[in-house]
1. Go through region 37-46 and report how many residues are within 15 Å of the ligand (Cβ to nearest atom), β-branched (V, I, T) and part of a loop (DSSP other than H, G, I, E, B).
Amino acid sequence: MSAPTPARSVAVPAISPRLLAVALLAVGLLLMLAYLVAFDQGAVSQSGMYLHELMHDGRHLLGVPCH
Ligand SMILES: [Zn+2]
């Protein structure tokens, strides 16, 4: 019978790198959507006010100043 091996402390990340990447991507997409709904006045959508008009009802629904 061999002697018991001492316990090693292994650093285990609290969150997996894959989950962290997915979470950061989701946060980025949500921030971009929030910007488009609330603040875009045609600066992002280079084709005129297409995105502004697309998000127009959501903007008024959230009470964001528009026009
Ligand atoms: Zn409006």
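A short reminder: the numbers here are calculations on the coordinates, not readings from a lab. Computed from a predicted structure; not experimentally measured. Cβ placement follows ideal geometry from the backbone for every residue including glycine, while neighbour counts extend to all protein chains displayed.
1. Number satisfying all stated conditions: 0.
Conditions (1) touching a residue at least 12 places away in the same chain (Cβ under 8 Å); (2) within 12 Å of the ligand (Cβ to nearest atom); (3) not polar (S, T, N, Q), marked per residue:
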{"residue": "P13", "(1), (2), (3)": "no, no, yes"}
{"residue": "S16", "(1), (2), (3)": "no, no, no"}
{"residue": "L19", "(1), (2), (3)": "no, no, yes"}
{"residue": "A26", "(1), (2), (3)": "no, no, yes"}
{"residue": "M32", "(1), (2), (3)": "no, no, yes"}
{"residue": "Y35", "(1), (2), (3)": "no, no, yes"}
{"residue": "G48", "(1), (2), (3)": "no, no, yes"}
{"residue": "H56", "(1), (2), (3)": "no, yes, yes"}
